[in-house]
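Here is the structure we will look at.
The values are calculated or read from the model by the stated rules, or taken from the named source; none is laboratory data. Just so we're clear, the structure is a prediction, and the values are computed from it rather than from any experiment. Positions of Cβ are backbone-derived with ideal geometry, glycine not excepted, and every protein chain shown enters the neighbour counts.
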Amino acid sequence: MNSSNSLTGPAYLVRPQTEVELILLGLGLVLVFEGLVLALLPNRLEELIKFISEIPPETRRLVGLGAVAAGVILVWLGQGL
C-alpha cells in the first residue's frame, strides 16, 4: 500500500505542523550531528578543543555570530521550499 495521498504527498515530505515540532526537529538534528562528532572522532575532539582555546575570544564570538546568521538564513530558505 502506498503511504502517500493526494493532499500531503509521500510521508517523508510531510512538514512539521507547529513551531514546537520544528524546534524539536532542529534540536534533534543538532544532537545527531554533535553525537556523530563525538562517536566518530573522539580523539580529534581534544585537539579541536585545544585549537579553539587558542583562538582569541573576539574571533570566536564573530565565528559564532556568523554561524548563527548562516543558520537563520538556511532556516529561512528552508521554509520557502
**Prompt:** Are there any pairs with C-beta distances below 7 angstrom linking a residue in segment 22-49 that is under 19 Å from V72 (Cβ atoms) to a residue that is surrounded by 11 or more Cβ atoms within 10 Å (Cβ to Cβ) and at pLDDT below 90, with the two at least 6 apart or on different chains, and if so which?
**Reply:** L22/P16; L25/P16
**Message:** Anything in segment 42-81 that is among the hydrophobic types (A, V, I, L, M, F, W, C), in a loop (DSSP other than H, G, I, E, B) and at pLDDT 90 or above? List them, or say none.
**Reply:** I55
